Every structure is written in structure tokens, then in C-alpha cells.
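Here's the structure we're looking at; comments come further down.
The values are calculated or read from the model by the stated rules, or taken from the named source; none is laboratory data. Bear in mind the structure is a predicted one, so any value in this text is a computation, not a measurement. Don't worry about glycine lacking a Cβ; one is built from the backbone with ideal geometry, like all the others, and counts go over all protein chains shown.
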């Protein structure tokens, strides 16, 4: 055995491990984030290279795919040429072009992770994983289970390892097969260092060993780590730590070895002749790495250039007619609202639409009527101090039961009865659902988030508090939020009689990832409560009074109306319609028709990507099919969610109104004129970078390595403990997005386009180090558009550099509708006339 | 009526063959073919059944083609239709029809779309042959098709580790069921001196007369049938395969393992009931097995924290109850129960992904911090013990290794000295000597001659044992399987005198499949360099065509009903006398291990995570 020179620092190794493990929370709190967040402190290219060589992830499309896109013209030759010239110099252009386009490379990947622990297999001929994993996953899953099992884990609340210890010490049987491991559990404190000494020997190898071990089932380890950090994410709380998991796994490994070799085995370091390369040593950039980086950028800029050229060339689109808008509608920044807004504006040229983060600046916990818990409905990093409660609603829909989820079916006589009665009904139900799908209690519907006719406690009275949360907001607090919202989107004058505030949510059935389809800015919930709350605030006379003092005069006749857009079904529900004055009531009815028509058309535009729907049908017919699709058990793609997202435009609507962006852009309204110093811009970018950047990168990585960074195909998924999915019954948890969500996605980084002077943008992003990291390390790209000249400058290496896109010819179209049936792929950027 | 019955058997076969010819990418064409074959079949059945019911619903027996005849032996295909068939056909056709429609959209864009429907249709062929079979031989044809289609569907995601591992695992349990069926066939042949039809089994006097003098044989046959039934229906001690089979796309898990496949064990019990009904001890055994299974798997189901394994164990428990009903003679109740359970589990599995949103919502509104189940009434120690046992599935999965496969491997390790050279030198010499002796049999002393069949069968068994555990050379492993068949042929030739054409019949399929397999392995070696059996290679990723041809070779070599070897195997057994248990044991064990060794080769070479990593590869733990 080698001398134990290195010291093993348990605390720091655990910390490191947690940093690199997947950070996805349980399914109900699915929130998009950068899958490779651990590498975000490095430059994008460097981070990807490291992630790929250390953990074996595939981090971009394959070389063959890139070359295929190049041949197909989707990667533009001039752009590729320009990127090679910029990076490698004009004189190397030809040589590098040859490498990029023609050279053969060995693209196979042998990661560093796993190299140490693999010695068990090569030297001892023992497959520890298959001996340890099944029982480990099973016990862990049962411990964390939120409600699948009928007979719950008998010991709880004491911590994972303690619970097992308790069971082991009062049982006739054991989880272990041999004595030693059991004794270690019962009679020692299971210190990791001691266990590792026994198993691995040399302390210098401990860290590597633990990484190998935990990354052999990163899904489970990541889940444990996430629950350890935010125990409130499980409604039925469980105390669990990564340390406990590791200790138990080490014990099971010792047990497996003892079982196989009867204690006649030596610690691993005795058989490791050549110590493996340090896990986190620098990863030098090979020629292949450089080639891949060039392709990635060429792919991105081929698209970016079209968009930027479109923004510069857009001139002929008719601006909204002067005068008072017919109505105004605020939507979430979400890329899925992009096309709906376009259709609204087209169907009613006098209306005006806005985009902003879908919690509409009001952060709070929400407690639906009858709910036993609070739900956070604002961006994940925010911890609100307010509580909004629902009352006087009907809970009929929320609480509908479905006997097929009844656990009696799994019992002895209950099962006997149910099989012979409900069993036959099941055949009928299945028949119906296949031939006439309809809404059922099993459906996750955005409209169940809040009852349409319920009351909300929005205003705080008598300083009422509940569990340290203030119930409702006070007038001043309301005014601050309304002011912040209106100023950040640039809506401070010319108010229409009705201002709609439309949140969004989604409906689906048979979809464990349902939370990922809802509003990310509302922590994976529907935005209905938020839209109602902000509308209430903006309608509040006292709030309006304060707003006047702050320079925002909302006419008396103007009313705010909350609403919810279901992005799967393309339906909109409006709230508190009865509070509208009679005149506004009439206007609302007219607007309603505009919405309905726009929703039909939106459904039609979406349908072009759906194989099962004939896009040449009429919009109304298609819309009906889209609704049916959302409740069909057999439909793994109720909607395509954020797939194909690539852009985030922060600026006035006029900047991009004349450009057809094919639902690929997040749109955040912003008017530089009322924010010359970038105060509101900072707030916008603080949300845009992690929320839109997180969504974009999660799609990016789930797309390029759907097996290791995504969840694989969802068809064989099995729900584990209500918090995760796995393949089969004893597989690892699969964090990330299933292939059905990302297959049409083009993995390009988010391009944030800000309409402001570049020096203001620069000083703005520098104010917040977390936000700045996204841009300086290029995990999202940033371009500033000069608000007056439309001159572009791109953010590179800490500076804005003037930029001219490669010359583009963009086709001008009047209407996208005739083109919808032409392709299922992404459309190029068109100019709208 | 008979034409109609033919139609019901042939229609799925036609659909399956047609589906093989379709191009990969044409989803609509593929799904419509499946949809129409099953849909038309369902309608034809419904029409037929109305007619049949109207005309007095008498059982129909249809003796079909005689495939081989020699002396008192006759291998013929026979079909049978009665109430049991009608119920099984109704449930099977309806569920398969619904699931093909379901999968049509569900599998959209999935790589392997065509393969999925091919396999579903192949399964449907096997299911129909099984439930319409009129004798054990015909049933065995369907049974084998069910086994292989199950293997292919579990390993549908063939480039991941766990599906392939579990597919092999399930296949190995199925092989144990096969052993039961083969031996039951062997012994019933000796009991009745013919390939008895199920129709004849209903003749109480006939069965009674035969059983009266041979009650031990009767019990043996019943036990073998029970072995086959409990392996297929996941009763104890085989239960742990069912949840592990849930690796394919959810709809395939739903009809295969939720409903149809898993109830085939019940079917074979119902079908042979007239035979074992007269043996009270067997009935008690079936009932007890069902009861114990129901109790234990209910406990296991209660602790499952994954939705599919919970449904699987709950279903096994219900099948345990069905076994009891069958044993008690309540046939109608059992059939009713089967249908209800099949529908229920299919539906539960299909909606299983919804469980998250549904139960989370329920938890959100109805949460009670401490939900207590009836188990609180146990004392602490008993409670913990039962819980832990249930979590560990009563060690059922581990026991399969401990008591079955590990001893086999240990035995085979004794043969580690064997290399290709030694093998060719040593055993080929002995074999030639054996063949020489066969032609000069009269010179062998009787005392020696009596032991020769067993000795040769044992050498054959060693061959396949070695093949099953070989880690390095793929060709060697393949060769050993072929040699095994040669040894068996030799052994049986010493056992009884029969015409050479029977041996040729037996070995013909082996020869063709063996050569094809060799050619494919050689081709792969030329393309890829080295091959071994120490791990999965996943070569189907780059060489799907070679993989398919090799699979055909595997099927041929393992006596799958596509070559005459299938009949040959049955024939071989007819030459083993009813008192030669050791010989029968060696030969049947050989055939079982053959199948395993062959599927192992196929899996290790062509399935599992691809050895090349230039593309996305899944984690081993997924």
C-alpha cells in the first residue's frame, strides 16, 4: 500500500460532488436550468471540453451532423469562413477549412470518470454495480417515496442511515448478505474515511473513488443532493443527505465483496498499478475540440445573422395606427407566446402586446382552497414573504377521483373485487380514450391551478400573518409592484380601456414532466393567480393614486383583466370579467373574438410540427384536434414546449414586429427611453439570463446528449416515488428532458438582443456578478442594438464590438399561413409586410 | 367453421409476414398494417363466435397437417376451439387491437418503430397459436414464439444495458418453463402412446384408464405442466421476472406483462385441466402455490415505490388467486377473473405516467402526515422483518442466481482447460470413435452399451455448459452448441434404433443455422476485428442486417419452429424411454442451456451499449 500522504477532506469532497451532480428537483418542481451549471465558471468552450473529457458527455451535435447541416445549407458557408478567419487568421483559412469540412477524426470518447472504480471489474472480476445498485435504489426510493407504496418505509424523520440502522437492529433479516458490513453499520458511526480506508486504501484515491461511485448513478445521487438542499421540495418531507447515501453504498460494496470473496480481498489501491489521471486536471484543447467549437459557432451565427439582418432590414411593416390602442395585452416572455401575439396584432391592428416574466412582478406563495401546503409562484431563486389564499371556489375539478389510481386494486381481496368489476370498465375506458379522448381526473390541467370563480386574498388587512408570511399585500407594496412592472415594459401612457394580463400554463395527460410545461417564472406552475393578483393591484384606486404621484396616470376607464393562456390547448380563460364596467364589457366581448381567432390560428401554426394533424385543414378544425391531443393518453407530445428556442429580444415591440421568428424567441418588452440608466434593464436581464438561459441550455444539452444529459425516450419511463422517472424498475433516475421534448430543437445558445446603447448595457450587466457570468463566459450570447441607428455590437471578451452580419437576402412574406404545410422544420427568418 | 378457424390462425401470420416487408420509415403504412391485421382478426373472431354460439358452442377440434410420421409417432398440428379459447381470443384480440392503435401515435419517431410492430405482430401470432392449439406440440410452437417475442420486446431498447440484461434474465426463466413443457410432452407421449390432443383429454374414461395404472407418470406430467405454467405466469418462485420485464415502451409492457403473456400460464392449466383434475394432490398443490404466491406478492406489491413494479406484483397476486380458482374447478370464475385482471392491468399500466400529477395533487389536498397501513398491527420486529423481506422480494431474484445459474457456472468452470485445439483433438476423436462404434454396435458389450447414451448425453451437456460460460471466443461458444446437438444425436442413436432420416431431420436445421451463424460471426469479425463474450458489444447499432441474419441462425439452432429441427427435438424425446429420467434430464437440460447459450451470444455480440463511443451512449445504470 502506498503511503497515505494525501489527506481526505470529507466536507470539501462532498461539497464538490454536490456541485457537479445533477441539480434537478423532484418532478413536481421541475424547473429548467443549465444542465452543466457546474462548468459555468469557465468559458463556454472550455467548460464543454472539460465536461466532455471528464464525464463523457456529448456536448454538441456530432461532427457528421454538423457537416450534414453544412451540406444542406443550414450552416452558411460565408459564416463558416468568417469564423475560421476570425479565430485562425486569414492565412490559415484554407487549411482550417479543410480540417473542419473534410478531415477524418476519431470522435470516440473515453471519459476520466469511472476509471478508478473499474478496477474492481478488471482486477477482481466482480461487477459491484449490479450487486449493489438494485437494492440501493430500491431502499432509497422506498425511503423517499411520496405516495406510491401502500406500506410506507416504517422508519422516518431520523435520517436515511439512522432509519436503516434502526431497522437492521430490530429485524430477523438483513439488507446485507454478510456480517461485517452489518456490524459496521450497527457498531460504528460509519465514518466515510474509515469505510474508504477499508475499501479503497490509499487516501489519495478517495475523492476519485467517490466521484466514480456517485456518477455511476448520478440521477439518484443528484436527487438526494437536491432534497438535502431543499427539503421543502418533498411535500412529505424526508431527511436525507448525500453523506448518508455514500456511507450506505460503501457498506453495501463491502458487503458485496465479502459475499463474493469472504473477506479475502485487499483494498482497491493495492491492485491499482497506475493511478488514474486526476479527474479535474486541465483538459487540453485538441484539434478536434477546436473544429467542434468552430462548427458550433458557425451553426449559431448562421441563424443569428439572419435574425440580426432581419432586425436591421425590417422597415416596411406598418406600425400600429396612431391613437389609443383598442386593447393592450401583457404576456409572459415565453417563446410560446411569440406567435399568439403576432396573430392578435394581425387580427386587430389597433391592439398592442407586451411581454414580461410571467409572474408579472408579484412574488408570493399561493395556497389553493383546501390545499395543505403553500406553492411558490415566482422565479425559483426568490423567496417571497407574501401569501395569497384562495377561497369560495369550487374544488370539484381539483379533487375529482379516479378509481384506477386507487390503491385497493393492489391489495388481496380489493384487487380481486376490482379486477372483476372495474377491470371490465377499464377496457371500456381505454376504448373511449383511444377513440374519443377527453379530460379526466388524470389530466394535469393548467385551469385546475385556481378555480375561475374563487376569491383571492390579495390585500392585506390588519397585518394578518400566517407562518411568518404576510397574507396579501399592503397598498404601498402593491403600488411598487405595479409601477415596477409597467415601467419595465415601457407601458406608462396611452393606456387602452382594457389591459389584459395573461399568464400561461399547460395541460397534458400521462406526462410526468408536466411541471416543465408550465410557467418557469412561476416555479413550474400556471400563471393564473399572478395575473389576477397584478390586475387587482393595478385596478386598486389607492394604488392608482400612488402611481399618479410616480408619473403613471392610468385613466379611470382603464381596467386590468387577468387571464390564463393554456399553451397546449390554445385556450384563454379570463378572470373577474364581471367586474368590468358595461362599456368595457362590450369591448371585452369584441376582444374575446379577436383572441378566439388568434388562438385558432396559433393552433394551426403549431400543428405543422404535429404528425397526427393535417395542417391543411381549417384553423378551427385544427384547434379542435389540438385540444383532443392535449388529453390523449397516447400522445407523448401534447405540445413542443420550448423546443427550438434560440433568442431573447429585450426591446420595444417595433424592433421585431416585422420579423417572422417562428416561435423561437423570448420577447421581453422594454423601452430604453424611460430607463436611460438601465435600472429596469438590470432586473430584466437578471431574470432573462438564468430563466431563458437555463431553459435554452437545458434544451441544448438534453438534445445533444439525450442519453447522459437528457432523460432518453419517455416511452419506457417508470415513475419512481412520484419524484422521478427511471427506465424499468431498477434503473437510475433520469433527470433532464425526454427525447420527445427536444428532438426538433436546434442546439444553439440563446442570443439576447437588447435595444439600448451598448455602454449602458455593459455597465448594467456588470452590476450583477451572477448575471455577468452568463455573458462574459458566453453561456448566452449578447448583442446590443442601437435604438436609433440599429447599429449592432456584440459582446465579446468583456467589450462590445461593432458587428455587421454577413449579407443576407431575406424573403418577405405577407402571411405565414400558406407556408405552414411546406415544412415541418424551422422556417428561415422572413420579413413581414 | 374449419376454414374460419384456419383463417383465425393464419391471419396474424399473414399480417406479421407482410409487416416484415414494409420499409422502415413508413410509419403510417406499418401501423395500418398492424391495425388492419389485428382489427380484421378481431372482427372475424367476433363474427365467428356469434355463429359458434348460435350453433351450440360445441368444442371444435381440427386435426391439421401431419408434419412427420414414423411408426407409432406422428407429429401433427392440431387446433382446438372452445369457451376457454373464445375468452382468451376475445381479450387478446381486443387488447392487442387497442394497443396497436395506441402505439401508432405513442411510438411516433421512435427508432425501431417498425421493429416494434413486427414484434407485436409476432407476439400476436404466438398468442393465437397457443390459445387455439389442439395438442401440446402445437401449443409448444406458439409458446416458443411467445418466448422469443418477449425477449425481443424487453430488449427493444437494445442499446441500453438493463433492458438487454433483463431480457436475457426473463428468457432464462421462460426456458425453465420450456423444460416443463418438453418433459410433459415426452412423458405424455409414453403415457398415451400418441401425441394426445386436448380434445381427447376431455374424454374422462380415456384419461382415467391411463392414469389408473400410471399414477406416478400422471403426477410427473402434471408437475411439469405446473412448472411451465408458474414460470410463464410468474408464480413462486419465479415471480421476480415480471417487474423486470417492464423495460420496453409502456404499451408493450401493458399487453405483454400486464395482461396477455402473463396469463398464458393460467391458460395451459385450464387447457390441461381434464388431465390433472383427477389428481387431488396436484389440485391441492396448484391451489397452495396460488395462495402462497398471492400472499407473498401482495406484501411485495404493498412496499413497491415504483408504479410499474407495483402493478406487476399486484397482478401476480391476482393470478395466484386465479390459480386457486382453477384448482378449485371454478373455470368460469377463473376466466372472468382473467379477463378483468388483464383489462385492469393494461389500463393501469397505460395511465401509469399520470400517477405523478394525480397523486401529487391528491397529496397536496389530502395530506395526512402519518398514513398508517394495516401493518402497524405487527410487532416492531415482525413488521421490520416482513418489510425488509418484501423490499428484497423475498430474495427471489437472488435465489435464481444462487441456486440455478451459479452452480451451472461453477460446474462449467471445471472445463476451463478446454481450448479450441484441445477440443478438436480430444472430443472430436471420441466423437468419431462413437460414430464408428455406432456402426459396429454388435461388438460393444451390453454392460457398456447401456451406459453409452447417458455418457454421450452428458458429454453433450458439458459442451453446452462450456458454451454457456465461455468468455472469450464467440465462435467456440457457437461451435459448442452445435457439438452439443451432435452428441445428443449420437446418444439417442445408441438408445434406440431408428432410421437415419430422423437424425438428419434433427440435424438439418442445426446444420443450416450453424453455418449461417458462423458466416455472420466471421463477417462481423472481418469488419470489427476482435470479438469476445466478456461484455456487451452492441454491434446491431452498425450492423443491423448481420444482427438480423444471426438472430435467424440463433432461432434455427435453438430449435425454434422455423426449421425441421423443431420436430426433430420432439422426435429425439420419443426415443427416450419413460424410465430414463437421467437421460431425459440431460437432454432437456442441454436443450434449455442451448437456448440460453445462444441468446447469450446474440445478446453479448449484438445488443447492449455499443463498444464504440462516437455517438450518444446511455449510462450502464439506465
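Examine the range B:330-338 for a residue that is facing chain A (nearest Cβ under 7 Å), assigned to a loop (DSSP other than H, G, I, E, B) and more than 26 Å from residue A:429 (Cα to Cα), and state whether such a residue exists.
No.
This table checks each residue for (1) within 30 Å of residue A:325 (Cβ to Cβ); (2) at the interface with chain B (Cβ under 10 Å from one of its Cβ atoms); (3) out of contact with any helix residue (DSSP H, G or I) (no Cβ under 6 Å at 6 or more places or on another chain).
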position: A:335; (1), (2), (3): yes, no, yes
position: A:339; (1), (2), (3): yes, no, no
position: A:345; (1), (2), (3): yes, no, yes
position: A:355; (1), (2), (3): yes, no, yes
position: A:362; (1), (2), (3): yes, no, no
position: A:370; (1), (2), (3): no, yes, no
position: A:392; (1), (2), (3): no, no, yes
position: A:413; (1), (2), (3): no, yes, yes
Going by what's in this entry, would residue B:358 be described as within 12 Å of another protein chain (Cβ to nearest Cβ), at pLDDT below 85 and under 22 Å from residue A:136 (Cβ atoms)?
no
Turns out the strands (runs of 3 or more DSSP E) fully within the range A:629-730 with at least 1 residues that are over 18 Å from residue A:357 (Cβ atoms) and within 14 Å of another protein chain (Cβ to nearest Cβ) are A:717-720, A:724-727
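I'd like the full set of residues that are free of Cβ contacts under 8 Å to residues at least 24 places away in the same chain and surrounded by fewer than 22 Cβ atoms within 10 Å (Cβ to Cβ), limited to the range A:163-178.
Hits for the range A:163-178 are A:163, A:165, A:166, A:168, A:169, A:170, A:171, A:172, A:173, A:174.
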Checking A:222, A:156 in turn, the sole residue that is out of contact with any helix residue (DSSP H, G or I) (no Cβ under 6 Å at 6 or more places or on another chain), buried (at least 23 other Cβ atoms within 10 Å of the Cβ) and either modelled with pLDDT of 95 or more or within 14 Å of another protein chain (Cβ to nearest Cβ) (or both) turns out to be A:222
By my count, helices (runs of 4 or more DSSP H) wholly in the range B:395-446 with at least 1 residues that are closer than 27 Å to residue B:472 by Cβ are B:406-413, B:428-439
Of B:362, B:331, the only residue that is over 24 Å from residue B:86 (Cβ atoms) and surrounded by fewer than 24 Cβ atoms within 10 Å (Cβ to Cβ) is B:362
Of B:606, B:541, the only residue that is at negative phi, within 14 Å of chain A (Cβ to nearest Cβ) and modelled with pLDDT of 90 or more is B:541
Those residues of the range B:14-48 which are under 17 Å from residue B:131 (Cβ atoms) and surrounded by fewer than 17 Cβ atoms within 10 Å (Cβ to Cβ) amount to B:44, B:46
Of A:94, A:136, A:131, the only residue that is at pLDDT 95 or above and either in the same structural domain as residue A:251 (by TED's automatic domain parsing) or over 30 Å from residue B:396 (Cβ atoms) (or both) is A:136
Among the residues of the range A:138-155, is any in contact (Cβ under 8 Å) with a residue 12 or more places away in the chain, closer than 25 Å to residue A:271 by Cβ and not in a loop (DSSP other than H, G, I, E, B)? no
Among residues of the range A:465-493 being under 29 Å from the mean Cα position of the chain (by Cα) and assigned to a loop (DSSP other than H, G, I, E, B), the residue surrounded by the fewest Cβ atoms within 10 Å (Cβ to Cβ) is A:490
Within the range B:367-388, the residues that are assigned to a helix (DSSP H, G or I) and more than 7 Å from chain A (Cβ to nearest Cβ) are B:374, B:376, B:377, B:382, B:386
For the range A:23-67 the number of residues that are within 14 Å of chain B (Cβ to nearest Cβ) and either farther than 18 Å from residue A:742 by Cβ or in a helix (DSSP H, G or I) (or both) is 14
Residue A:503 vs (1) touching a helix residue (DSSP H, G or I) at 6+ places or on another chain (Cβ under 6 Å); (2) part of a helix (DSSP H, G or I): all pass except (2)
| message | Is it the case, given these coordinates, that residue B:345 is assigned by TED's automatic domain parsing to the domain that holds residue B:81 and touching a residue at least 60 places away in the same chain (Cβ under 8 Å)? | response | yes
Report task. Go through the residues of the range A:415-423 one by one and say whether even a single one is part of a helix (DSSP H, G or I), within 25 Å of residue A:151 (Cα to Cα) and more than 7 Å from chain B (Cβ to nearest Cβ). Result -> yes
If you go through A:737, A:750, the only one that is closer than 30 Å to residue A:131 by Cα and buried (at least 24 other Cβ atoms within 10 Å of the Cβ) is A:737
### Message
Against the condition over 23 Å from the mean Cα position of the chain (by Cα), facing chain A (nearest Cβ under 7 Å), assigned to a helix (DSSP H, G or I) and touching a residue at least 12 places away in the same chain (Cβ under 8 Å), how does residue B:317 come out, does it pass?
### Response
no
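In the list B:290, B:299, B:248, which residue meets the criterion of being surrounded by fewer than 24 Cβ atoms within 10 Å (Cβ to Cβ), closer than 25 Å to residue B:347 by Cβ and within 14 Å of chain A (Cβ to nearest Cβ)?
Of B:290, B:299, B:248, the one residue that is surrounded by fewer than 24 Cβ atoms within 10 Å (Cβ to Cβ), closer than 25 Å to residue B:347 by Cβ and within 14 Å of chain A (Cβ to nearest Cβ) is B:299.
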Reported set for the range B:447-482 where residues are outside any helix (DSSP H, G or I), touching a helix residue (DSSP H, G or I) at 6+ places or on another chain (Cβ under 8 Å) and surrounded by fewer than 21 Cβ atoms within 10 Å (Cβ to Cβ) is B:473
Report whether or not residue B:123 is in contact with a strand residue (DSSP E or B) (Cβ under 6 Å, 6 or more places away or on another chain), more than 12 Å from chain A (Cβ to nearest Cβ) and in contact (Cβ under 8 Å) with a residue 60 or more places away in the chain. no
If we keep only residues of the range A:425-464 that are exposed (fewer than 13 other Cβ atoms within 10 Å of the Cβ) and outside any loop (DSSP other than H, G, I, E, B), then the residue farthest from the other protein chains (Cβ to nearest Cβ) is A:432
Scanning the range A:611-626 residue by residue, the ones that are touching a residue at least 24 places away in the same chain (Cβ under 8 Å) and buried (at least 20 other Cβ atoms within 10 Å of the Cβ) total 2
